[in-house]
């Protein structure tokens, strides 16, 4: 599990899928793609090809984006697959697949999952799971966390 110093990296995903979970707001979210298919019986929208989500707080790019709705038109899940790229202010993320589940407020990045902050701090792993309600992150498999001090890298190496 990633400890408190990485909470800044958690801030990357907090607004990412909140875009889809938010209620009424004054700002708009625009999704563009080569094709949109809406399946009424399955209550699912699938955006294919060059998918770009632009929101005042986040930008998401992927090959495909799948939205599943409840019977009351609430978003049950959002799945971005293929060359997933996330950007919010100075934070970026990349993975092969990102899944948000509305009921559990859980976001899972898989396949070469990486988050960066300020072009320096980073966390990588096979799977990065955000528990949004708990302010908790778990990184599994091939985990590496790199954090630099706010005032720059350490100038003198520590002696052993």
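Dividing the alpha-carbon Rg of the range 71-121 by 2.2 N^0.38 Å yields what?
Its radius of gyration relative to the 2.2 N^0.38 Å reference: 1.29.
For 35, 57, what ranking results if the residue with the fewest other Cβ atoms within 10 Å of its Cβ goes first?
Result, fewest neighbours first: 35, 57.
According to a simple spin-label model (label point 7 Å from Cα along Cα-to-Cβ), what is the distance in nm between residue 112 and residue 148?
Reported label-point gap for residue 148 and residue 112 is 2.3 nm.
If you wrap a convex hull around the Cα atoms of the range 44-87, how much volume per residue is inside, in Å³?
It is 65 Å³ per residue.
Quick one: order 77, 62, 70 by neighbouring beta-carbon count within 10 Å, fewest to most.
With the sparsest Cβ surroundings first, the list reads 70, 77, 62.
Rg/Rh for the range 53-157 to two decimals, with Rh computed the Kirkwood way over all alpha-carbon pairs.
Computed over Cα atoms, the ratio is 1.03.
So, R0 is 30 Å and r is the distance between the beta-carbons of residue 70 and residue 131; what FRET efficiency does that work out to, to 0.05?
0.90
Laboratory data are not the source of any read-out in this text; all were calculated from the coordinates shown. It should be emphasised that the depicted structure is a prediction, and the values quoted were computed from it without experimental measurement. Glycine also receives a Cβ, built like all others from the backbone with ideal geometry; neighbour counts cover every protein chain displayed.
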